[in-house]
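Since the structure comes first, as structure tokens, the remarks are kept for the end.
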Amino acid sequence: MRYELLECHGFESAIKATMLSFGTTSFDNFKTTPEDMKRLSNKLAPKDGGHNKFLEQVQYWILIQAPLFWWKEADTYRVGISKSSESTMHKSWKNGLTDENFEGPVFQDTLNNLNNSIREYNSELTTPERKHYLERLIFNNLPDGYLQTRMVNLNAKCLRNIYFQRRNHKLQQWRDFCKWVENLPHGELITAELGSD
């Protein structure tokens, strides 16, 4: 499993907007000091239940390559997240599958059977009806360890939710991802616990 931060934006504007509630910024004076931004963000970040709503406006774009079993669990998070993924058919059905397409080892018989079906699917002699059957056969037998790359756009509040729900998960992939989140820009706000300021 691999992940890479592509971009992070919005922190400064989000915390300035939060300061509107405190009367420290206004339409005519939408500015503040770095010290005040740090103080207020550190104070509010661990206060879930709406007090840390500024985290919703801090956006991350992350490229993630993960096994299908991880993506199935990640799909639990629907609020504050958007994903674009590579096509399984276009990626792996051109040249067949190898062990490198999976998170871990795959039975050789499974790979052989999938690749035989892919070759038949790609043959010019295969009828449309047979192609339709082969599509279903391949998808139904593709192991959950298959690696798929997605570009994910999510906000810091969603990352915070993921972090606290998954940092001690039984899957090592989740624990590793949460450890990586700690080092993101503003990671200290995502992982802040009440009483840690």
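Under the condition of being at pLDDT below 95 and exposed (fewer than 12 other Cβ atoms within 10 Å of the Cβ), the residues counted in region 109-122 number 0.
Considering each residue of region 1-36, count those that are part of a loop (DSSP other than H, G, I, E, B), within 30 Å of Asn101 (Cα to Cα) and open to solvent by 70 Å² or more (accessible area, probe 1.4 Å), and give that number.
Of the residues in that region, 0 qualify.
Looking at region 46-56, can you tell me whether even one residue there is open to solvent by less than 70 Å² (accessible area, probe 1.4 Å), part of a helix (DSSP H, G or I), in contact with a strand residue (DSSP E or B) (Cβ under 8 Å, 6 or more places away or on another chain) and under 27 Å from Leu171 (Cα atoms)? Yes, that holds for at least one residue. Among residues that are touching a residue at least 60 places away in the same chain (Cβ under 8 Å), open to solvent by less than 40 Å² (accessible area, probe 1.4 Å) and not charged (D, E, K, R), Gly80 is included. Can you name every residue in region 79-106 that is in a loop (DSSP other than H, G, I, E, B) and in contact with a helix residue (DSSP H, G or I) (Cβ under 9 Å, 6 or more places away or on another chain)? Selection gives Val79, Gly80, Trp93, Lys94, Asn95, Gly96, Leu97, Thr98, Glu103, Pro105, Val106.
Selection of region 165-186 for residues being part of a helix (DSSP H, G or I) and either within 15 Å of the chain's Cα centre (by Cα) or in contact (Cβ under 8 Å) with a residue 12 or more places away in the chain (or both) yields Gln165, Arg166, Gln173, Trp174, Arg175, Asp176, Phe177, Cys178, Lys179, Trp180, Val181. Scanning region 1-59 for residues that are touching a residue at least 24 places away in the same chain (Cβ under 8 Å) and of a type in the set (Ser, Thr, Tyr) gives Tyr3, Ser13, Thr18, Ser41.
Can you tell me how many residues in region 57-72 are open to solvent by 50 Å² or more (accessible area, probe 1.4 Å) and either outside any strand (DSSP E or B) or within 19 Å of Asp176 (Cβ to Cβ) (or both)? Residues in region 57-72 being open to solvent by 50 Å² or more (accessible area, probe 1.4 Å) and either outside any strand (DSSP E or B) or within 19 Å of Asp176 (Cβ to Cβ) (or both): 4 in total.
The values are calculated or read from the model by the stated rules, or taken from the named source; none is laboratory data. Being a predicted model, the structure only gives us computed values, none of them experimental. Cβ coordinates were reconstructed from backbone atoms using ideal geometry, including for glycine residues, and neighbour counts include every protein chain displayed. Side chains are part of the model used for accessible areas, which takes the heavy atoms of the whole protein and leaves out ligands, DNA and RNA. Shrake-Rupley method; radii C 1.70, N 1.55, O 1.52, S 1.80 Å.
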